[in-house]
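Derivation of every value follows stated rules applied to the coordinates shown; laboratory data play no part. In this text, all values refer to a predicted model and were calculated from it rather than measured experimentally. Glycine gets a Cβ as well: all are built from the backbone with ideal geometry, and neighbour counts include every protein chain shown.
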Amino acid sequence: MNWLTKQLRKDLWSPEAAGIGLGLVYILALWLSHHTPGAAGTLFKVASIAGQPLTANDPRNIYFSRMFTPLTDGMTWQAWLLVGIFLGALASVLLARRFKWTLMPDIQWRQVFGGAVWKRWVIAFVGGFILQIGAGIAGGCTSGLALAGGVLLSPAAFMFIPGIFLSGAIVQWLIYRRQY
């Protein structure tokens, strides 16, 4: 037990250990819930609930009402998954004794974008918005399409995974150039 506690308290895990742990979580999720983990659908549901007053009489809103049943109809397994991810991350950071509130990330962010907190929030919001649109176009989020699809040996996952790495490398080069 002491060995496990020591491993869980490490600041950083090796990519191999983290990958094995993630794989075991996916296998356990498939075995217990008979669903592949993913989060994009829940975010679409929340967006459809938030936007419903603005588009209640618009016939184009039928897509959201049929495709994504409201969260008010009951918590879906994906909504519980997001709650579990939050609680698991909180438990992990508390166990590692690394919890801290911060409005601005480390020095790397400040060197590239400056120290303005509002700029970080705008970039995070725009990036999240673009990511969610991409998840809708691709047919799933990173966890739903790449990871769960990879576990199921889906051809789409094996096309999507290199796309993630390639686009990440291109964006990293555009933003940071040769700094990192």
* Asked: To the nearest 0.05, how large is the calculated FRET efficiency for I137 and L87 if R₀ is 30 Å and r is the Cβ-Cβ distance?
  -> 0.50
* Report the calculated FRET efficiency for R177 and D106 (r = Cβ-Cβ distance, R0 = 30 Å), to the nearest 0.05. => 0.95
